[in-house]
Structure formats: structure tokens, C-alpha cells
Amino acid sequence: MSIRVGVGSPAGIPGSDPELVLDWARRADATPCSSLGVIDRLAYGSHDPFAVLAAAAAVTGRIRLATCILIAPLRDPRLLARQAATVDALSGGRLTLGVAVGARADDYHAAGLDPRGRGRRLSEQLRPCLARRRRLAGLVGGQSGAALARMARYGDGYVHGGGPPRAFAGAAERARAAWADAGRPGTPRLWGMAYFAFGDAAEAGRDYVRDYYAFTGAFAERIAEGVLTHARAVTELVRGYEDAGCDELLLFPAVARPDQLDRLADALC
């Protein structure tokens with residue numbers, strides 16, 4: 001299988017036990033998973049992504065550490081660059097930094113910022129890095145034409161926000177087109193994501209996804225229906241994403257329980 005499969009940290013789930021977060025990172029390092037991903041929210045009960053990855057760096061030695069995604073416009077660009085460089089150094093160069101503007105206005109309001117113009121602010125954050133010939137962002141997310149153009153100019157790849165393989169395939173095609181339009185050689189790295197909640201945790205996992213995506217209205221139910229609940233569903237999704245050209249697929253837990261990582265590892269074997 002040419003696609004790499006990573007696992008998300010439970011740190012994004014409200015109420016997740018810090019001991020579980022650290023143990024999950026430690027145990028993920030011993031699984032077939034290629035990366036450990038974190039999400040970023042401010043107006044939600046999740047742990048800080050850079051703090052989680054710094055802690056993970058101390059208890060892991062192989063697995064890559066990834067932000068998928070970091071809401072970069074919430075942060076001062078110099079502080080963001082320093083935090084990312086610190087995590088990268090602590091992990092021995094294992095950080096993949098994925099950034100985007102974020103889909104929710106409440107995160108900006110919690111930071112005392114106006115969500116309007118957030119795309120422009122992200123471009124302003126990334127532009128100095130391009131001028132210095134080093135790219136702060138490994139991955140850039142977003143669905144709009146402006147977001148894809150930003151990815152092609154400032155990033156090394158694209159991270160998609162989730163959905164069935166056909167949705168990823170369409171976004172990947174647009175990402176490759178933006179890359180070519182920007183005159184970049186080769187092709188962008190392409191990452192995707194999905195959620196899992198196995199066994200008796202399935203409905204609790206769907207409830208978490210419904211809550212997390214409640215801002216989308218009725219569409220949140222469709223997202224909840226896509227939660228992977230058994231090993232065969234994982235196998236089929238991985239195969240579908242591989243056929244669609246995905247380089248790395250991050251599977252995020254929808255329930256903060258240690259058995260969920262064990263069952264994912266079994267599904268990937």
C-alpha cells in the first residue's frame with residue numbers, strides 16, 4: 001500500500017484525560033501509523049495543539065507529528081513560527097505543519113479578532129517565509145479557489161477537510177490544477193482525514209461529530225454518518241483514498257478511549 005495512514009490524538013475531544021493523551025502518543029509510536037495529528041480550536045474544550053505535540057515529542061521517537069490544521073490567523077506570526085520551530089526541534093525534525101483559516105467564526109471572536117479578512121492575514125503570515133526561501137507551512141487547507149492558490153504559492157501540499165473518497169478526489173484535482181497554475185514543479189503532497197469510533201463507542205462518536213460540526217446545520221448528520229465504526233470500513237476508506245491519489249490519510253478518534261487506538265491498529269494490520 002503506497003498511502004500512509006496516521007492517527008489523530010484524542011486531545012481534540014472535550015474532557016480527554018491528559019494521561020490518555022500522552023499514553024496514546026506513546027502507543028501510537030509503536031503502531032503502523034505514520035503520523036500523529038492534532039486539531040486546533042479556541043472556542044472549544046480541546047487541548048492546545050503545540051503543547052500536545054511538544055509533550056508527544058518527549059514520549060515518541062518515530063511517528064511524525066502534524067497539525068491538521070492549525071488556525072494560523074489566530075496567532076501572531078512570529079510566535080507561531082517560534083512555536084512550530086520549537087516543536088520541530090524537540091521532535092528531531094518530525095513536525096508537519098498544516099495551516100488554514102478555520103471554518104468557525106467563534107474561534108476568532110474568542111480571540112478578540114474579526115473573522116473577516118482571515119484569508120488575507122494567513123497569506124501575510126506565510127509570505128515572509130517564502131521570501132526567505134523556507135516554507136513555514138508544509139500543508140495548507142481550505143476549499144475555495146483563494147485557499148488553493150494560497151496552498152500552491154506558500155505550501156508544500158494540501159490537506160482536505162474530510163468526506164468520502166470522491167469528495168477528496170475532486171479537491172485533489174483542484175489542488176493539482178492550482179499547483180500547475182502557480183508554475184510549481186511536480187505535484188503537491190495530498191492529505192485527507194476521517195473519524196473513527198469502534199464497537200460500543202460508535203454512537204458516542206457520532207454524537208461528538210454532530211456537536212463538533214453543529215455549525216454546518218443539517219450537514220452535520222451526514223458527517224456523523226461517515227464515522228468509521230468497524231475494520232472493514234477502515235479498509236475500504238483507505239483503499240478509496242489511495243485510489244484517489246491521497247498520500248497520507250489521518251484517522252481521528254471520535255471517542256477518547258484507549259481501546260480505540262488498539263482497534264485501529266488491528267484494522268490497519
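The values are calculated or read from the model by the stated rules, or taken from the named source; none is laboratory data. These numbers were taken from a predicted model, which means no experiment stands behind them. Methodologically, a virtual Cβ is constructed for each residue, glycine included, from the backbone with ideal geometry; neighbour enumeration extends over all protein chains shown. Ligands, DNA and RNA are stripped out before the accessible areas are found, and what is left, the full protein with its side chains, is counted by its heavy atoms. Shrake-Rupley method; radii C 1.70, N 1.55, O 1.52, S 1.80 Å.
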Derived scalar couplings ³J(HN,Hα) [the stretch 13-21; Karplus, 6.51 cos²θ - 1.76 cosθ + 1.60; whole Hz; x for Gly, Pro]: 8, x, x, 5, 5, x, 5, 5, 4
Could you tell me which of Pro165, Gly245, Leu264 has its Cα farthest along the dipole of the stretch 123-269 towards the positive end, charges placed at Cβ (Lys, Arg +1; Asp, Glu -1), taken about the Cα centre? Gly245
Rolling a 1.4 angstrom probe over the protein heavy atoms, how many square angstrom per residue are accessible across the stretch 28-80? 34
Counting only protein heavy atoms, what percent of the accessible surface of the chain is carbon or sulfur at a 1.4 Å probe? 53
How are the Cα pair distances of the stretch 115-211 distributed, in percent, across 5 Å bins from 0? 3, 13, 20, 19, 15, 12, 9, 6, 3, 1, 0
Rounded to the nearest 20 debye, dipole of the stretch 22-82 from Cβ charges on Lys, Arg, Asp, Glu: 140
Using alpha carbons only, what's the Rg to Rh ratio of the stretch 201-259 with Rh from Kirkwood? 1.00
Could you report the stretch 165-269's accessible area per residue, 1.4 Å probe, as an integer in Å²? 46
Could you tell me how many degrees, from 0 to 90 and to the nearest 10, lie between the Cα long axis of helix 77-90 and the main elongation axis, the longest principal axis, of the Cα atoms of the chain? 50
Hull surface divided by four, with the convex hull built on the Cα atoms of the stretch 1-111: how many nm²? 7.1
Can you work out D for the chain in µm² s⁻¹ from Stokes-Einstein, where Rh is the Kirkwood radius over C-alpha pairs, the temperature is 4 °C and the viscosity is 1.567 mPa s? 70
